[in-house]
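The values are calculated or read from the model by the stated rules, or taken from the named source; none is laboratory data. What you are looking at is a predicted structure, and each value in this text was computed from that prediction instead of being measured. Every residue, glycine among them, receives a Cβ derived from its backbone with ideal geometry; neighbour counts consider all protein chains shown.
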Amino acid sequence: MDTVAAPSAIFKPGNTAVITGGASGIGLALAKKCAGYGMKVLAADWNAELLAAIPADVATTYQMDVSKAADWAGFKEKIQKDFDGKISLLALNAGTGAKHSFDSPEGFEKILNVNIFGVFHGITSLLPLVKFSSSEAESESAIVITGSKQGITNPPGNPAYNASKAAVKSLAEQLSYDLRTDHPSVSVHLLVPGWTWTGLAGGQAGAGRDTAGAKEKPDAPWWPEDVVDYLEKKMAEKQFWVICPDNEVTEDMDKKRMEWSAGDVVNGRPPLSRWRDEYKEQAAKFMQ
């Protein structure tokens with residue numbers, strides 16, 4: 001991706017970054033970017049093996065289950081003890097993408113617990129530390145929440161994941177609105193990746209791209225590093241919406257897909273009309 005990231009007040013030496021889902025994919029790429037700026041990085045993940053593979057000069061690591069409130073209590077204590085209770089960048093990135101439908105209640109519940117409550121617990125537990133960090137003179141803090149295009153356009157086939165990411169989008173919007181006056185120095189950004197070559201997408205899952213057993217990356221997806229570069233650029237532009245394209249889907253295509261989805265409500269079409277046979281021709285013309 002040919003993008004030059006603009007400077008951001010968040011990415012600077014001495015600042016602290018706390019990243020969930022930080023042992024692989026986008027989370028690990030963000031940890032490396034932060035470390036490259038001289039930031040102190042704390043990467044949390046449930047996978048002890050992947051955490052152990054992160055070099056010590058990239059991040060301090062912490063194993064936890066983001067769906068459990070008790071784990072967040074211990075995580076907060078570590079930040080208070082080892083990082084002076086300050087968070088300049090909080091990236092609530094942990095998530096799971098397994099497919100579960102209405103006939104799989106246990107799997108459905110797991111998706112919701114990880115993807116929704118992993119964000120909810122992160123906000124309720126660590127927002128005071130983010131606010132504390134931004135209260136210092138001429139200081140800024142940021143919260144990045146990882147969503148999904150599936151939480152916006154809601155394609156058929158994975159109702160559990162789509163519902164969880166739709167809820168994440170709503171939480172991020174509400175948080176941004178709530179902080180706008182009382183804590184304007186805390187910015188909120190909804191990171192919505194395009195197709196990214198990570199463990200969830202069938203690509204590399206560990207600390208390096210040459211992970212054993214990883215499939216060869218096709219041309220269409222971005223690398224996680226591309227997503228993080230795009231995120232930094234949009235953060236510098238003070239953008240809440242970080243809707244990433246990829247090498248196949250353009251920003252204009254994303255906008256039209258979202259416009260069509262919103263049009264189902266406005267125009268009284270049946271839900272998910274873009275995928276219905278009777279609307280395929282009309283939707284195709286709209287996309288053109």
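Descriptive notes on the structure:
- Test: residue in the stretch 272-286 that is in contact with a Leu (Cβ under 8 Å, 6 or more places away or on another chain) and either farther than 30 Å from residue 180 by Cα or assigned by TED's automatic domain parsing to the domain that holds residue 141 (or both): no
- Meets criteria (assigned to a helix (DSSP H, G or I) and closer than 30 Å to residue 84 by Cα) for residue 152: no
- Cβ pairs under 9 Å, 6+ apart, first in the stretch 152-172 and in the same structural domain as residue 95 (by TED's automatic domain parsing), second assigned to a helix (DSSP H, G or I) and of a type in the set (Asp, Glu): 152/254; 153/254; 160/109
- Residues being within 30 Å of residue 238 (Cβ to Cβ) and either in contact with a Pro (Cβ under 7 Å, 6 or more places away or on another chain) or surrounded by fewer than 21 Cβ atoms within 10 Å (Cβ to Cβ) (or both) - total across the stretch 101-122: 3
- Residue match in the stretch 260-267 (condition: surrounded by 15 or more Cβ atoms within 10 Å (Cβ to Cβ) and free of Cβ contacts under 8 Å to residues at least 12 places away in the same chain): yes
- Any hit, the stretch 70-89, residues being assigned to a strand (DSSP E or B), touching a residue at least 60 places away in the same chain (Cβ under 8 Å) and within 19 Å of the chain's Cα centre (by Cα): yes
- Of all the residues in the stretch 260-278, those that are more than 14 Å from residue 154 (Cβ to Cβ) and not in a loop (DSSP other than H, G, I, E, B) number 3.
Condition check ((1) small (Gly, Ala, Ser); (2) more than 17 Å from residue 45 (Cα to Cα); (3) assigned to a helix (DSSP H, G or I); (4) under 15 Å from the mean Cα position of the chain (by Cα)) across all residues:
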position: 96; (1), (2), (3), (4): no, no, no, yes
position: 99; (1), (2), (3), (4): no, yes, no, no
position: 103; (1), (2), (3), (4): no, yes, no, no
position: 107; (1), (2), (3), (4): yes, yes, yes, no
position: 110; (1), (2), (3), (4): no, no, yes, no
position: 129; (1), (2), (3), (4): no, yes, yes, no
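Matching residues to (1) more than 22 Å from residue 193 (Cα to Cα); (2) among the small types (Gly, Ala, Ser); (3) part of a strand (DSSP E or B):
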| residue | (1), (2), (3) |
| --- | --- |
| 13 | yes, no, no |
| 19 | no, no, yes |
| 26 | no, no, no |
| 30 | no, no, no |
| 35 | no, yes, no |
| 38 | yes, yes, no |
| 44 | no, yes, yes |
| 62 | yes, no, yes |
| 66 | no, no, no |
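- Residue match in the stretch 192-200 (condition: without any contact (Cβ under 8 Å) to a residue 40 or more places away in the chain and closer than 28 Å to residue 247 by Cβ): yes
- Top-ranked residue in the stretch 246-259 [being hydrophobic (A, V, I, L, M, F, W, C) and outside any loop (DSSP other than H, G, I, E, B); ranked as nearest to residue 162 (Cα to Cα)]: 258
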